[in-house]
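Notes follow the structure.
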Amino acid sequence: MVLELFENIFQLVAILAALLISIFRYIVSRNRTWIYSVVFFLSSLLSCYFWTAYLIIMGSTPNVSDMLAYFGWNTSYLVLLLLLIHIKSPQERRYFHILMLVPIPLNLWQLSLYITFGGVLNNIYQVTVCTLIACFCIQSILWHIRHRDISPPPHVHAAAFLYVTTEFGMWTCSCFDGPIGNLYYPCSFLNSLTCLLLVWAIMLSEKNEAYGPNMDKRVQNILKSVYVNVTLVCALGGLMLGAWIRDVLSSGISGQADTSVYDIIPLILFLISLIIVAATVTVIFIVIFEQKVMENNSLREARKVAERSNAAKSEFLAHMSHEIRTPMNAVLGMNEMVLNEGIRARDDLPEDREELHRIFSEIVNCSGNIESAGNSLLAIINDILDLSKIEAAKREIREGQYRLSSVINDVGNMVCFRARAKDLDFLADVDENLPDLLYGDEVRIRQVVTNLLNNAVKYTQEGSVTLSVKADGTEGYEKGQIIRLAFFIRDTGIGIKEEDMGRLFQSFERMDMKENSAIEGTGLGLAITRRLVGMMNGTIEVKSRYREGSEFILHIPQKVMSSETVGDCLRKTEDNSEKAYDGGDSFFAPAARVLIVDDTRMNLIVAAGLLKDTGMIIDTAGGGDEALELAAKSDYDLILLDQRMPVMDGIETLHILREREDREGKHTPVICLTADAIDGARDRYLKEGFTDYLTKPIEAKNLKKMVLKYLPEDKIQKG
Ligand code: ADP
């Protein structure tokens, strides 16, 4: 009896110590494994506490079939099984070796013993769960032997294996004496010690770098208070129980009490242990919940900060690229003048001026290089501007009615020209039954298809580039119907490696730089394309074989506006474009008078220089005041007015001019010159009263086209 009592108290102390260490380790490391460990020891403690107290008070052990006595232990076996699964790696969980089944026959023997010696359902459950634990432990040990290099030593599984082995030892010894006498007590003491071993094993296998040092101070304090609370609750529970037992026993001894009162002792003991366990578990979960809430809050805060700095970055990039576009206007414009003048001077030189001819050719050459480098720089700036506008959510989709045939024709012509320059074939395959009049964002569709076609040409050295345009369904489109417009852009170029596919649409990512080092690019095109396609509710896919070619597939939903079909669109629009370019930039208007207003002197020189060969009378003004003064003195046929100027900006100047003209009954066409290429700018300027809008940097062709459009016809001499 004394040994039995000592065994039980020893076990109780060992489990309590293991529990307290587990809780403390959890406080320090925040490793989840300790939660399993805490629940495991708490459940064991429940039964152990009940058993020991029962033994002390009743002088006998509870009945084996008493479910109350086994409730805690049964739960603890299950939790131990979960703990072992939790710390296994996924590969380890799938690993199978026939030796891991060794415990099964041994445990069948254990079961047969129980049945012979009067087994109950409870025993079957215990044996089954512990057998599973043993199998899992052997699995881990075998896995470690096979994969020493990647698998850490299975300390926890080894300790758990010892734990279940000693459990089995106790069960077996409780059925019969072995050849060297009954080993029940040695097994039981060993079993208690393995509880501490298990805690030590978890400490050894712990990987908590991510949590420990970074843990929030507040949470640490809360956890520490939980630790103190658990200890207090345990101690208080024990104290109350002790006092109660003392009273009951002393009244029993004095003979004044009814002895039947002893019958409720097991139940009360069980309830007290259950309350202690429940209180501890609840506190732990409250703490975990609190921790989660705090983590979420700090995550939310961090996200807000990240979003704010991202918006600031986009804003900065947008601003920077906008600012760079303005001086680029001057550089490219001046260069165009140098180029034009250089060519003219070179061609006009008499045959015998060889040295001068050489010098002018050199100038033309350098100027050509400046033009191409300047255009590349401008393209990069535009891409950055575009992307940062998209990221700052300033890019909108502006839908309207458009002709698909015109889009296909324009992008086709553009790529055809580039492909020919590289000796590539360009093939177009357009479903002629496609509806022509659609509703969507024409500008963006042009942009994404052009981007993909440009890439196809850029990354193809020989072979062909193909553009196919199709849609869901083949015939009979009706007005109002939504179709999934599909563009297939195929090339026979370098292709993309399988491993690069994941990075393809990320900003500033360029693939295969060994092969593509000579090809210019920023890695922004596809990032912009994907975002724009997403904004139009479309999708983009890529299929590629390295060194064989790539195919980009775009799907964009568009609304049909009429049943008219695309027909032979490429031929149809070719005629139109010829008409549109007919003599567009070559005219002479010596009687026309034009005023150009810009606060940057260089821009004035550029614009005037570009229009020089039209023979027009060109006046320039450096600000709004001066422009109004000049406009009051002379009658202009056209005014080109910069929008962004200090003191009096373009809009203010225009408003004063219009007020004055309204009184005088005049209306001079005023074109807005601006570097502002953002969406909605055009509408905004037209609403302010501008007649039209021209973006900087100004190209000679566009400028002349615009001037030609608004000059009075009687002042123009074509050709
Ligand atoms: P950029 O062409 O300016 O480098 P993109 O964003 O358009 O940037 O493309 C990103 C990368 O994807 C390119 O650098 C290239 O390596 C790869 N890529 C894009 N299109 C193709 C294509 N048609 N064939 C092969 N590689 C391509």
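The values are calculated or read from the model by the stated rules, or taken from the named source; none is laboratory data. All values derive from a computational prediction rather than experimental measurement. For neighbour counting, all protein chains shown are included, and Cβ atoms are generated from backbone atoms with ideal geometry for every residue, glycine included.
Details
- Among the residues listed as A18, A14, the single one being touching a Ser or Thr at 6+ places or on another chain (Cβ under 6 Å) and either within 22 Å of Y114 (Cα to Cα) or not charged (D, E, K, R) (or both): A14
- Among the residues of the stretch 478-501, those that are within 12 Å of the ligand (Cβ to nearest atom), within 26 Å of the chain's Cα centre (by Cα) and not in a loop (DSSP other than H, G, I, E, B) comprise D500, M501.
For (1) under 19 Å from I9 (Cα atoms); (2) modelled with pLDDT of 80 or more, each residue gets a yes or a no:
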site: E167; (1), (2): yes, yes
site: C173; (1), (2): no, yes
site: D177; (1), (2): no, no
site: I180; (1), (2): no, no
site: C187; (1), (2): yes, yes
site: C195; (1), (2): yes, yes
site: N208; (1), (2): no, no
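- Exclusive hit being modelled with pLDDT of 90 or more and not hydrophobic (A, V, I, L, M, F, W, C), set P669, P697, P712: P669
- Among the residues making up the stretch 506-516, those that are within 15 Å of I384 (Cα to Cα) and either not acidic (D, E) or not in a loop (DSSP other than H, G, I, E, B) (or both) are Q506, S507, F508.
- Hits in the stretch 617-639 - residues which are among the aliphatic types (A, V, I, L, M) and without any contact (Cβ under 8 Å) to a residue 60 or more places away in the chain: I617, I618, A621, A627, L628, L630, A631, A632, I639
- Only a single item in (1) out of contact with any His (no Cβ under 9 Å at 6 or more places or on another chain); (2) on the phi < 0 side of the Ramachandran plot; (3) away from the ligand (no atom under 13 Å from the Cβ) is not met by T450, and it is number (3).
- Residue ID - modelled with the highest pLDDT, chosen from residues in the stretch 542-592 that are crowded, with 16+ Cβ neighbours inside 10 Å, assigned to a loop (DSSP other than H, G, I, E, B) and over 41 Å from the mean Cα position of the chain (by Cα): A592
- Residue within the stretch 374-387 that is more than 16 Å from T529 (Cα to Cα), away from the ligand (no atom under 16 Å from the Cβ) and without any contact (Cβ under 8 Å) to a residue 60 or more places away in the chain present: yes
- Unmet requirement for L45, which otherwise passes all of (1) in a helix (DSSP H, G or I); (2) without any contact (Cβ under 8 Å) to a residue 60 or more places away in the chain; (3) in contact with a Leu (Cβ under 7 Å, 6 or more places away or on another chain): (2)
- Of the candidates S367, S361, the single residue that is within 48 Å of the chain's Cα centre (by Cα), of a type in the set (S, T, Y) and over 30 Å from W34 (Cα atoms) is S367.
- Residue within the stretch 422-430 that is within 16 Å of the ligand (Cβ to nearest atom) and closer than 26 Å to M328 by Cα present: no
- Of residues in the stretch 451-494 being touching a helix residue (DSSP H, G or I) at 6+ places or on another chain (Cβ under 7 Å) and aliphatic (A, V, I, L, M), the one nearest to L437 (Cα to Cα): V469
- Complete set of residues in the stretch 508-538 that are under 20 Å from I380 (Cβ atoms), among the polar types (S, T, N, Q) and more than 8 Å from the ligand (Cβ to nearest atom): S517
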